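Presented below is the structure to which this report refers.
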Amino acid sequence: MGLSLSELRDALPAGGLFGGGAWRWSPEPLQLSAAETSEVLELGHPLAQFQHACDTIYRRSATGRLPGWVADLLDSGKPEWLVRIQRDPATAGQLPRVIRPDLILTDNGFALTELDSVPGGIGVAAWMAKTYAKAGFEVLGGPGGMIEGFRSLLPAGGTVVVSRESSDYRPEMDWLTGELGPAWDVAAAETYQPDGRALYRFFELFDWRSIRCVNELAEAAVTGGIRITPPFKPHLEDKLWLALLWSPALGKIWQHSLRGNHLKRLRGLVPFGWVLDPTPLPPHAALPRLNAHSWQEVAELSQKDRHLALKVSGFHETAWGSRGVFIGHDMPASEWADRLQSALAQATSQPWILQEFREGRRITHPVFRDDGSVEMMSGRVRLCPYYFTDDAGVTTFGGCLATIVPADKKKIHGMSDGVLVPCMGA
């Protein structure tokens, strides 16, 4: 059993699946262990509860029932009208209906390095699941899990509104809506004219200025005039939450906001993180786990002590695709110091976080060469499972896309020498 390179290429839709790049192909899915499979299948509910807790903490902070610095931090750099929208009481129950974590496969299990609520790859994952399942592989989620999961977001159909910034993903959405049937279509966000139909928002909120009808859509989402997912809540598109999960000041709040087993599971997955804040520490204080009294000391860490990832939090054009991620031990000391100081200088207008870096473990997987022959590639893996929440509030697993990059790469993301494959269980 196995697909040939020509079979895979011949099965591609006429318009392709990705507009701005390519990837390498494999004759078979990535096989996960039984324990890995179980964790991937069961992670959707805890992540949905985490997002619910994040929104609740934000709203309680914004209304003065929790310390105001939380909402102020999450609102920094956001336009006033979006802050008003996400604080509106009418949006309290609105949460992202698609959840996609980035899970790095390490020697000690998974490391959750991002939680994306406006993810790309849905159509690619759906096409791969269908294609590899047709060849006889038992892919996780089955041949239609991704398609039916996406359908559950808007059961009566709707329009996928794609911005120019996200245009590389337009082909996969064209294919996906074609699979969903005539009740679905795709439209360009910049020229879209609201017609009352339900919408799937496939543009990041930092790009709001390019969308002429964005204010109208946001207001309609608040009043219930148009059904739109994901909601207009930029705080839920921030990486800040992955660092705030570890904030000592929020320890008891997290304990009251999440079930104990969910909190334990999340902290077992999410690397320890810090919000970059240039405010000087008191003389007796230190940055947790860094054994440093100031960010200047962090800037002067030796290479072996810089196993850290510096990340722009969100609401910025570099906040996706690993463009705003910098690996401490993978750069010269002077560049590390400059990057850190630059991030600190932006703290009030563009938040950044720092996370412990977790190395992906090496795996080997069969990969096609250009001539169709197969080689065994040594690489590291990022898993992207997709979870969908239906109208009843039930979150289910749809499928899982693996990205395998050459073992010498520190950042794992889509790249021309990377491999995309679906996953199957043991």
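Data overview
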| quantity | calculated |
| --- | --- |
| Residue list for the stretch 367-399, filter: over 20 Å from ASP102 (Cβ atoms) and assigned to a strand (DSSP E or B) | VAL367, PHE368, VAL374, GLU375, MET376, MET377, SER378 |
| Residue in the stretch 44-63 that is over 17 Å from GLY398 (Cβ atoms), at pLDDT 95 or above and either surrounded by fewer than 13 Cβ atoms within 10 Å (Cβ to Cβ) or not assigned by TED's automatic domain parsing to the domain that holds THR131 (or both) present | yes |
| Pairs, first at positive phi in the stretch 238-265, second part of a helix (DSSP H, G or I), C-beta under 9 Å, six or more apart | none |
| Pair list, Cβ under 8 Å, 6 or more apart: the stretch 305-330 residue not assigned by TED's automatic domain parsing to the domain that holds PRO288, other residue basic (Lys, Arg) and at pLDDT below 95 | none |
| Test for ALA35: is it surrounded by 18 or more Cβ atoms within 10 Å (Cβ to Cβ) and over 19 Å from MET146 (Cβ atoms) | no |
| Enumeration of residues in the stretch 359-389 that are modelled with pLDDT under 95 and over 30 Å from SER4 (Cβ atoms) | GLU359 |
| Whichever residue in the stretch 160-182 is closer than 15 Å to TYR200 by Cβ and in a loop (DSSP other than H, G, I, E, B) and, among such residues, is farthest from the chain's Cα centre (by Cα) | GLY181 |
| Of all residues making up the stretch 281-303, the number that are surrounded by fewer than 19 Cβ atoms within 10 Å (Cβ to Cβ) and in a loop (DSSP other than H, G, I, E, B) | 14 |
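Residue-by-condition table, conditions (1) basic (Lys, Arg); (2) within 17 Å of the chain's Cα centre (by Cα); (3) modelled with pLDDT of 95 or more; (4) surrounded by fewer than 19 Cβ atoms within 10 Å (Cβ to Cβ):
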{"position": "GLN193", "(1), (2), (3), (4)": "no, no, no, yes"}
{"position": "GLY196", "(1), (2), (3), (4)": "no, no, no, yes"}
{"position": "TYR200", "(1), (2), (3), (4)": "no, yes, yes, no"}
{"position": "GLU204", "(1), (2), (3), (4)": "no, yes, no, no"}
{"position": "TRP208", "(1), (2), (3), (4)": "no, no, no, no"}
{"position": "LYS252", "(1), (2), (3), (4)": "yes, no, yes, yes"}
{"position": "THR279", "(1), (2), (3), (4)": "no, no, no, yes"}
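The values are calculated or read from the model by the stated rules, or taken from the named source; none is laboratory data. Because the structure is a prediction, the values reported are computed rather than measured. Glycine gets a Cβ as well: all are built from the backbone with ideal geometry, and neighbour counts include every protein chain shown.
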